[in-house]
Amino acid sequence: MKYTSTRDASVSVDSATAVTDGISADGGLFVPVELPVLRYRDMLELDFSGRVDKVLRAFFDFDVSGIAKAACAKFDDDPATITKLDDDLFVLELWHGATCAYGDISFSVLPRLLARAKAARGMTDKTLALVAADGDTCKAALEGFGGADGTEVCAFYPTGGVSAVQELSLRTHSGDNVRAVGVNASADDVRIAVKKAFADVGLRARLAENNITLSTADSCNIGVLVPLIANYFSAYCDLVQAGEIEAGDKIDFVVPTGSFGNALAGMYARRMGVPINKLVCASNENDVITEFIQTGMYDANRELFATESPSMDILVASNVERLVFETSGGNAELTAERMTALETEGRFSVTQGEAEIIREAFAGDHADDDDTEEAVCDMFDEYGYLLDPHTATAYAVCMRRETVRPTVVVSTVNPYKFAPAVLRALGEDAADEATLAVLEQMEDITAMEIPEQLKRLFTAEVRSDDTAEIDGIAEYISTRYCK
């Protein structure tokens, strides 16, 4: 299995290198030279961990045996639970892990995957994995890597772009080898600044003097993306096994979309053989992805709105780069030109033919906070089912579409992580900031049990109060990790 860079066709590395390096030296993202094909029918009788194992073996040619089983053992419930709401309407719950968010699946796999990849390459240096992401992804990375030998994780998050529960969870992480760092900037600016630090030759040299090599632990790393592909295989298999669909029937997925990693994983699953008709990308008011799908123009030159779904408050979606590469026929030179245009001018466009290829697989729509509140209320009134604001964005978009085939709404986070917003959507008075009393108020009203891991946040020791300036991230890393 070989990987190349989205920005340099001459790059050819093995799967272990793609995982350990995280991002190509040219700034591009690693993509498989040839996408593997898997038969979902061969997974029908397997449990979730068995399906993850099949997908891992398809993408990585180093030893991955036992990784999926060990990762899934961390979950009390099925990591990817299908809940039926109505005829042809289902929810794929991806928030049954340690941090109550969809990243738990990937970050239960990645530390084990990274350790095996390092062993395959004979690497003995410590790995410093950088994360620049939303509050849920950062927390999932901290939780997944906590206590992992030979690895440090430094997660940078936008202080004004996370909920109170998200920030509390970041500051009360466990594990002496992980650290959360707040940056007073937008999620987009944090990602750009961390990527610049990642490419800083001087910083890399100072780290090397301390026997530390850099990697990434967000969806830029193929090791984070691949486990998400398994979610789509497993959801389809579960629907077949439950008798809800016949093998071969096409279905739709509606995916709340921020950095585009989850939706891109769906595209890969579709190309690998899962009978998916459309991947419907649901944006909030920051609807740059919706516009891109509909018009072929990606334009980040717009106001960034702070919404009730902060993990989707993104204008520069990192995984769009992989989509652009794939739909251009693997044209790395053209992809590099477009990403440079995005970085320097804030926009780029694809050809009409490429736009049609994108729309063959994807549809896009957006929902504002009013739509989201209405969706939370409607879902609870009609089905007694509680949504967080991100999943509610997807449900609002779903309800606008004519449902002509089984449709799965992808639910990415437990609603208790956004309790004040959910309570307001239900017509209840709620404090602006989440406290344990607010979570208990929601439990009394909805009868949905508060996850124990969220209860513990309010009495947990604060382990990290670190902050960094947007233009001082490389300096922070150097000061923190170099002698």
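Structural remarks
- Filter pass, N277 being under 22 Å from the mean Cα position of the chain (by Cα), surrounded by fewer than 23 Cβ atoms within 10 Å (Cβ to Cβ) and not in a helix (DSSP H, G or I): yes
- Qualifying positions in segment 333-352 - open to solvent by less than 40 Å² (accessible area, probe 1.4 Å) and either closer than 21 Å to A263 by Cα or acidic (D, E) (or both): T335, R338, M339, L342, F348, V350
- Leading residue by the ranking (surrounded by the most Cβ atoms within 10 Å (Cβ to Cβ)) among those in segment 13-27 that are small (G, A, S) and in contact with a Ser or Thr (Cβ under 6 Å, 6 or more places away or on another chain): G22
- Residue count, segment 6-43 (criterion: among the charged types (D, E, K, R), in a strand (DSSP E or B) and more than 13 Å from I222 (Cα to Cα)): 1
- Conditions (1) modelled with pLDDT under 95; (2) part of a helix (DSSP H, G or I); (3) touching a helix residue (DSSP H, G or I) at 6+ places or on another chain (Cβ under 6 Å): number failed by P227: (1)
- Checking each residue in segment 374-412 for being assigned to a strand (DSSP E or B) and over 18 Å from the mean Cα position of the chain (by Cα) picks out only T407.
- Within segment 1-16, residues that are within 13 Å of E326 (Cα to Cα) sit with their Cβ atoms under 6 Å from residues that are buried (at least 17 other Cβ atoms within 10 Å of the Cβ) and of a type in the set (D, E), at 6+ positions apart or across chains, in these pairs: T6/E321.
- Filtered by the rule that a residue be more than 15 Å from I470 (Cα to Cα) and at pLDDT below 90, segment 144-164 gives V162, S163, A164.
- Search result, residues across segment 63-81 that are open to solvent by less than 50 Å² (accessible area, probe 1.4 Å) and of a type outside the set (S, T, Y): V64, G66, I67, A68, A70, A71, C72, F75, P79, A80
- Considering L279, L315, the condition of being closer than 18 Å to V254 by Cβ, in contact with a helix residue (DSSP H, G or I) (Cβ under 6 Å, 6 or more places away or on another chain) and at pLDDT 95 or above is satisfied by L279 alone.
- When segment 162-177 is filtered for residues that are open to solvent by 20 Å² or more (accessible area, probe 1.4 Å) and assigned to a helix (DSSP H, G or I), the ones remaining, listed by number, are A164, E167, L168, R171.
- Residue check for T290: over 18 Å from the mean Cα position of the chain (by Cα) and assigned to a helix (DSSP H, G or I): no
- L304 vs. criteria more than 22 Å from the chain's Cα centre (by Cα) and in contact (Cβ under 8 Å) with a residue 60 or more places away in the chain: no
- Selection count where residues are open to solvent by 20 Å² or more (accessible area, probe 1.4 Å) and not in a helix (DSSP H, G or I), scope segment 189-217: 5
- Among the residues of segment 178-188, those identified as small (G, A, S) and open to solvent by 10 Å² or more (accessible area, probe 1.4 Å) are A185, S186, A187.
- The residues of segment 312-331 that are open to solvent by 20 Å² or more (accessible area, probe 1.4 Å) and assigned to a helix (DSSP H, G or I) amount to a single one, E326.
- Pairs are defined by a Cβ separation below 7 Å, a sequence spacing of at least 6 or placement on different chains, a first member in segment 247-271 that is assigned to a loop (DSSP other than H, G, I, E, B), and a second member that is crowded, with 21+ Cβ neighbours inside 10 Å and of a type in the set (D, E, K, R); the pairs so defined are G258/D134.
- Of all the criteria given as (1) at pLDDT 95 or above; (2) within 26 Å of the chain's Cα centre (by Cα), the one not satisfied by C220 is (1).
- Unique residue being within 23 Å of G160 (Cα to Cα), surrounded by 15 or more Cβ atoms within 10 Å (Cβ to Cβ) and modelled with pLDDT under 95 when the list is L387, L439, L457, L423: L457
- Taking the criterion of being farther than 16 Å from L110 by Cα and either touching a His at 6+ places or on another chain (Cβ under 7 Å) or free of Cβ contacts under 8 Å to residues at least 60 places away in the same chain (or both), the residues of segment 46-61 that qualify are D47, G50.
- D287 being touching a residue at least 12 places away in the same chain (Cβ under 8 Å), of a type in the set (D, E) and surrounded by 21 or more Cβ atoms within 10 Å (Cβ to Cβ): yes
- Sole residue being at negative phi, basic (K, R) and open to solvent by less than 20 Å² (accessible area, probe 1.4 Å), chosen from R51, R41, R57: R51
- Members of segment 83-112 found to be open to solvent by 20 Å² or more (accessible area, probe 1.4 Å), in contact (Cβ under 8 Å) with a residue 12 or more places away in the chain, charged (D, E, K, R) and not in a helix (DSSP H, G or I), listed by number: K84, D86, D88
- Among residues of segment 113-161, those that are in a loop (DSSP other than H, G, I, E, B), open to solvent by less than 40 Å² (accessible area, probe 1.4 Å) and among the aliphatic types (A, V, I, L, M), counted: 2
- Pairing each residue of segment 462-483 that is among the polar types (S, T, N, Q) with any residue that is surrounded by 15 or more Cβ atoms within 10 Å (Cβ to Cβ) and part of a helix (DSSP H, G or I), provided the two are 6+ apart or on different chains, yields C-beta distances under 8 Å for S464/L170; S464/R171; T467/T159; S478/L203; S478/R206; S478/L207.
The values are calculated or read from the model by the stated rules, or taken from the named source; none is laboratory data. Since we're looking at a predicted model, the values are computed, not measured. Cβ sites come from the backbone with ideal geometry, for glycine too, and all protein chains shown count toward neighbours. Heavy atoms of the whole protein, side chains included, go into the accessibility calculation; ligands, DNA and RNA do not. Shrake-Rupley method; radii C 1.70, N 1.55, O 1.52, S 1.80 Å.
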